[in-house]
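What follows is calculated from the coordinates using simple rules that are stated; it is not laboratory data. All figures in this text were calculated on a predicted structure; none of them were measured in a lab. Every residue, glycine as well, gets a Cβ built from its backbone with ideal geometry; the counts of neighbours run over all protein chains shown.
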Amino acid sequence: MNLGKVVGMVVSSRKDSGMEGLRLMLVRYVDENNKETGTQVVAADAVGAGPDELVLVATGSSARQTEATDKRPCDAVIMAIVDSWDIGGDIKYRKSDD
Amino acid sequence: MNLGKVVGMVVSSRKDSGMEGLRLMLVRYVDENNKETGTQVVAADAVGAGPDELVLVATGSSARQTEATDKRPCDAVIMAIVDSWDIGGDIKYRKSDD
Amino acid sequence: MNLGKVVGMVVSSRKDSGMEGLRLMLVRYVDENNKETGTQVVAADAVGAGPDELVLVATGSSARQTEATDKRPCDAVIMAIVDSWDIGGDIKYRKSDD
Amino acid sequence: MNLGKVVGMVVSSRKDSGMEGLRLMLVRYVDENNKETGTQVVAADAVGAGPDELVLVATGSSARQTEATDKRPCDAVIMAIVDSWDIGGDIKYRKSDD
Amino acid sequence: MNLGKVVGMVVSSRKDSGMEGLRLMLVRYVDENNKETGTQVVAADAVGAGPDELVLVATGSSARQTEATDKRPCDAVIMAIVDSWDIGGDIKYRKSDD
């Protein structure tokens, strides 16, 4: 999986029937220091992710292993919202309470 | 999935029988600002995409999860035509009416 | 799929039994202007491609969706020989008659 | 598979049900000289890997072929802890006893 | 598939049960001129490859299509030892007899 930040949403009305009902989020990948890598992906949302949230994105066939994405022509899914991560015990990111 | 722009079509008469009847589009990938990334892909068209349309492309085994591409030796599919997307609420692209 | 040009052949006598009988072609990837990208792949040939022909290569699990490559440990296949492609209606490549 | 070094852990409480119970490790990829490549991945842990351990990471659908990750939306797994490796008979890394 | 050269072996005693009995080789990728590309992969050996041999590596789900790797958490396999390859009829590599 890769770390990413939800920055927007993609809207499509004309699409394969297998894509009906999926929310498609624009996600910028970030590195271990929560710095944007400069690449992005459009991922289906399986967990109710919102703007600016840090998330995990799974790609490839693994992106179809959620209830929301099963058997769909979808190659990237947000399957977790990140609370925090550390490097060597140092917290690099912690989701703020609000 | 990745954002892309349909720029052309690839014609092939001698091909694996599993590819019969598929329209193969040349798609340039674009980034979140609708700027071309410099890479392209040949994708099967599952949604009737036309020239200059902004689309979503799914790759890998997910590209076979449409009715058009099921069980075919096809690793990229156009599975949605994009109406619009935003970043932080700012519309970065909106399909024009015509 | 990606566009490529057949430039050679790879010979192997000691191989997994699943690879018996497959022709393995050396393919240089080309971009939309038929310019070599500098990368190459070894792909099984499912369509009888010959030297210097422009082809389409499918990779990953999709490379096993031809009769020739079904259930084989093969991650790239030539599944079409390209007749032509265009960008915005301008023919960028057309196979010559000979 | 790729060589990597476990450097941290990612915590997520809101996630797809298929991710329940998996430890998610932050892994920096290293090259054959045990030098970090500058890229990282978040991988599920199938072998009880700990901080600073050198591991092997499998990605894609192969990441779902462990008991821990079967049918989960997980595209990277730590499936081995590395004892040592050599290049041309020269040991490049050996796990220290402690 | 990609061309590579076997340069070493990776040893792991603590690993997922699905990896038992597999030899894990360190393989440097080479290009069409048999020049190392600077990247490497750890691949399971399905053909008895030895040091310095030129091989073909299949990745992804295709890496599980050999008897040795079936259903294992393995994303790269050596599935052929290369005898030779040519570009435009010029032999670029031929395995020496010894």
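Structure above, values below:
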read-out	value
10 Å Cβ shell holding at most 10 others, DSSP loop, trypsin sites (Lys or Arg not before Pro): longest site-free stretch of chain C	C:36-70
Of A:Lys92/D:Lys5; B:Lys71/D:Lys15; D:Lys15/E:Lys15; E:Lys5/E:Lys35; B:Lys35/B:Lys92; A:Lys15/C:Lys71, pairs whose Cα-Cα distance is over 20 Å	B:Lys71/D:Lys15; D:Lys15/E:Lys15; A:Lys15/C:Lys71
Fraction of beta bridges assigned by DSSP in the stretch E:43-98 that are antiparallel (%, nearest 5)	80 percent
Considering only the stretch A:2-92, percent of DSSP beta bridges that pair antiparallel, nearest 5	90 percent
Gain in span if fully extended, B:Ser84 to B:Asp70, counting 0.36 nm per residue against the direct Cα distance	2.3 nm
Euclidean distance of C-alpha centroids, the stretch E:1-75 and the stretch D:1-75, integer Å	19 Å
Residues in the stretch A:1-44 that a label on B:Arg23 would reach, taking backbone N under 15 Å of a point 7 Å out along Cα→Cβ	A:14-16
At 7 Å out from Cα toward Cβ: B:Thr39 inter-copy label distances (nm, ascending)	0.6, 0.6, 0.9, 0.9
Shortest-first distances to equivalent copies, position C:Glu20, nm, label 7 Å out along Cβ	3.0, 3.0, 4.8, 4.8
Residues in the stretch B:28-42 reached by a label modelled at C:Lys95 [backbone nitrogen below 19 Å; 7 Å Cα→Cβ]	B:42
Within the stretch C:1-71, GluC sites (Glu not before Pro) in DSSP loop having at most 11 other beta-carbon neighbours inside 10 Å	C:Glu20, C:Glu67
Pseudo-label separations to other copies for C:Arg94 - Cα-to-Cβ vector, 7 Å, nm	4.2, 4.2, 6.7, 6.7
